[in-house]
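Here is the structure we will look at.
The values are calculated or read from the model by the stated rules, or taken from the named source; none is laboratory data. Since the model is a prediction, treat every value here as computed from it, not as a measurement. Cβ atoms come from the backbone with ideal geometry, glycine included; neighbour counts cover every protein chain shown. When the accessible area is computed, the model is the full protein with side chains, heavy atoms only, and any ligands, DNA or RNA have been set aside. Shrake-Rupley method; radii C 1.70, N 1.55, O 1.52, S 1.80 Å.
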Amino acid sequence: MDVLQAIKRNQARLLGGAMALFLLLTSIALVWQRSAVQAEQASSIKVLLGSDADTLQRSLQQQNVLDFLALTPELIAVELKQNGEVKARFSPSSVQTIWPSESRMVVQAEQALTLSIWFRHPVVVVLSSPFGGLIMLFLLAGAGLLYRQRQALDAQLSGLVCMEKRAKALMNGELVSKQQNESPEVVSQALDMLVSQIQQAQQERSRFDQFIRDSTFTDMESGFGNRRFFDNRLEAALKDGESNSTGVVYLVQLQELDLVKERLDEHQVAELVAEFSDILSQLLSSCTDAVIARRSSADFAALVPNLMPREVDDLANKMLRGFRRLALPDFVDRDCFFHIGVANFIPGDEAYQVLSEADMALRAAQLQGPSCWYMYDHGVIERGQALGSVRWRALLENAISRRTFVMFTQSAVTASGSRIHHHEVLTRVRDDKGQLVNAGVFLPMASRCGLLPKIDRIIIEQLIKLLEYEKADTERCSVNLSCDSLLNKEFMSWLVDTLKSHPKLAHRMIIEIAEYHVTHHQAEIREPLRQIQSTGCQLLVDRVGQTVVGSQYINDLSVDYLKLDHSVVREIQNRPENQLFVRSLSSAIGEHQVNIFALGVETDAEWRTLKNLGVFGGQGHYFSESLERVAECTEGH
């Protein structure tokens with residue numbers, strides 16, 4: 001605004017100077033007019049002042065003198081005194097009173113005679129004369145010209161103001177479109193070109209980030225993750241002590257795919273693989289957090305967490321039925337083309353042991369002959385967790401009514417100074433035996449039963465009570481919100497009203513949501529997230545790198561923080577591809593004020609590597625274990 005203010009000041013000076021010059025010329029004309037009138041009258045009066053009072057009185061009464069005085073338009077009154085005594089007084093018939101604010105001219109003579117003459121203001125005289133009419137006409141014309149110039153300058157300044165606001169928005173990262181009144185047009189077109197180039201650069205950066213992710217973790221032919229991607233995810237699932245969730249690995253082998261490659265051209269093979277990939281994706285689309293990868297040319301793998309024993313069998317049989325829909329060449333034996341090996345796992349298992357067991361089960365299935373699946377008895381699902389949907393619903397509804405949810409927190413620290421940035425709220429629920437059940441176990445079941453909005457509400461209510469109880473503490477807390485809750489209108493209405501009624505606490509809260517839900521439901525959750533951010537809460541997207549997606553959502557949703565997934569952080573010092581991913585992500589958010597945290601940091605080597613890669617902070621057992629934080633305000637509820 002400095003340039004525009006300078007222009008406005010110059011405009012004001014120009015107009016002021018013009019008016020001052022105009023008033024100066026008018027004043028000179030008025031003074032000249034009055035001087036001329038007074039000089040003429042004074043010369044006429046001096047003749048009269050040469051006589052005594054009686055003679056002067058008689059002379060004033062002569063008709064020619066009266067006519068002279070009457071023809072003087074600026075005259076108001078004439079008064080003759082001798083030694084203070086009024087000898088004569090004359091006033092034209094058209095003038096009834098003497099205005100005290102009018103001009104007065106006094107002429108004295110030697111005989112103690114005093115002649116006082118009152119005149120109208122020269123402005124009245126001049127403006128009432130023909131010369132004054134010309135002055136008025138000139139004044140009106142000048143004022144009109146100045147007004148038109150002022151309007152033209154205001155229009156130009158308005159265009160400049162619009163462009164300045166747009167330029168400042170661009171400097172703040174907001175891509176604002178052209179305003180209606182922008183001027184000059186050439187500068188406006190230059191801003192349009194700049195906006196277009198910035199948009200293209202952002203799209204290119206997003207595509208480049210997508211390309212880096214694809215090149216690092218994606219099999220280009222099938223579109224699934226590659227062996228490295230799957231191994232990272234499996235190790236993260238096995239070493240995630242917080243979730244304590246079980247899972248199943250399915251190894252699928254297309255036994256005669258090599259024969260197909262020998263007999264068909266490259267395009268036909270690619271079509272066959274793409275069709276198989278589509279079928280596998282459809283079969284696993286209903287499985288929450290399922291991971292699919294192509295480990296080798298003919299081997300595909302799927303990691304599916306939190307399956308009940310019966311569901312493991314059902315999914316394997318469903319896969320076999322779906323694979324039989326695949327259009328195979330006539331020279332392929334359909335009955336021997338598909339085989340599946342299945343292995344259960346629990347946190348703490350070694351990845352190579354799980355994959356070895358799945359591979360042994362695959363070989364056992366192939367030994368059995370026709371397309372089938374096989375799984376060794378492992379007994380990894382604990383009796384207390386092997387509940388059906390009905391029993392899970394009863395347990396969770398009882399926990400909701402009794403509010404038997406317990407909050408734990410884990411600190412996230414900054415890379416510079418290792419100070420605590422925020423505490424992430426982790427949730428447990430007590431079962432009917434009083435044992436704590438991890439969120440990784442009960443949240444998937446809560447999602448199946450449609451109870452997540454109720455549980456999220458209880459957790460946020462407890463967090464608000466905890467923050468109120470610890471008013472002296474100014475550190476922030478982050479809490480995970482499910483996509484189900486964000487899409488629930490009743491929950492969102494309650495959440496926004498609650499946060500608005502606690503503005504100071506809202507500024508201390510960070511809402512976490514998984515990257516998978518952000519990218520797959522971006523249009524649906526954009527408005528709910530905007531409402532939450534309007535209360536002062538910040539937005540953190542976690543599990544970044546868990547899936548292969550672009551980074552355009554970061555700017556679209558005004559994300560404040562990103563949190564790398566365990567699978568990216570695990571042994572990152574020995575994995576150049578994961579380091580490349582972090583560098584690519586840092587480059588993609590370089591123009592945005594977004595900080596990156598790393599989740600699951602467990603060793604000093606991992607932390608040093610992450611700091612060298614430019615992450616803002618870290619979280620994990622390397623810094624602190626999860627601490628139970630049950631405030632007095634939440635006990636007994």
I'd like to check something: does the range 306-318 contain any residue that is modelled with pLDDT of 90 or more, within 27 Å of MET220 (Cα to Cα), open to solvent by 50 Å² or more (accessible area, probe 1.4 Å) and more than 42 Å from the chain's Cα centre (by Cα)?
yes
Note on ALA439: of the conditions (1) open to solvent by less than 50 Å² (accessible area, probe 1.4 Å); (2) within 29 Å of the chain's Cα centre (by Cα); (3) not hydroxyl-bearing (Ser, Thr, Tyr), unmet is (2)
Considering only helices (runs of 4 or more DSSP H) wholly within the range 540-607, the ones with at least 2 residues that are open to solvent by less than 40 Å² (accessible area, probe 1.4 Å), out of contact with any Asp or Glu (no Cβ under 9 Å at 6 or more places or on another chain) and within 23 Å of HIS517 (Cα to Cα) are 576-588
Checking the structure you have, find out if any residue of the range 223-236 is at pLDDT below 65 and under 27 Å from ARG543 (Cβ atoms).
no
Scanning the range 499-519 for residues that are part of a helix (DSSP H, G or I) and touching a Ser or Thr at 6+ places or on another chain (Cβ under 9 Å) gives LEU499, LYS500, PRO503, ALA506, GLU515, TYR516, HIS517, THR519
Cβ pairs under 7 Å, 6+ apart or interchain, first in the range 266-288 and more than 16 Å from THR547 (Cα to Cα), second among the aliphatic types (A, V, I, L, M) and assigned to a loop (DSSP other than H, G, I, E, B), ordered by first then second residue, are GLU275/LEU326; GLU275/ALA327; PHE276/LEU326; ILE279/LEU326
Pairing a residue in the range 317-330 that is in contact (Cβ under 8 Å) with a residue 40 or more places away in the chain with any residue that is open to solvent by 80 Å² or more (accessible area, probe 1.4 Å), where Cβ atoms lie under 6 Å and the two sit 6 or more apart in sequence or on different chains, gives LEU328/ARG334
A careful count of residues in the range 333-372 that are assigned to a loop (DSSP other than H, G, I, E, B) and over 17 Å from PHE300 (Cβ atoms) gives 9
Picking from GLY348, GLY341, GLY322, the residue that is within 45 Å of the chain's Cα centre (by Cα) and at pLDDT 85 or above would be GLY322
Checked the range 579-616 for anything small (Gly, Ala, Ser) and either under 22 Å from GLY550 (Cα atoms) or modelled with pLDDT under 85 (or both); matches are SER584, SER586, SER587, ALA588, GLY590, ALA598, GLY614
Kindly evaluate SER277 against the criterion of being farther than 20 Å from SER567 by Cβ, of a type in the set (Ser, Thr, Tyr) and open to solvent by 10 Å² or more (accessible area, probe 1.4 Å). no
If I filter the range 422-429 for residues that are within 28 Å of the chain's Cα centre (by Cα), modelled with pLDDT of 85 or more and more than 25 Å from HIS517 (Cα to Cα), do I get at least one hit?
no
If you go through SER501, SER478, the only one that is open to solvent by 10 Å² or more (accessible area, probe 1.4 Å), among the polar types (S, T, N, Q) and either under 24 Å from LEU529 (Cα atoms) or modelled with pLDDT under 95 (or both) is SER501
Residue pairs qualifying under the 8 Å Cβ cut-off, at least six apart or on distinct chains, with the first in the range 547-567 being within 26 Å of ALA237 (Cα to Cα) and the second being among the basic types (Lys, Arg) and part of a loop (DSSP other than H, G, I, E, B), are HIS566/LYS239
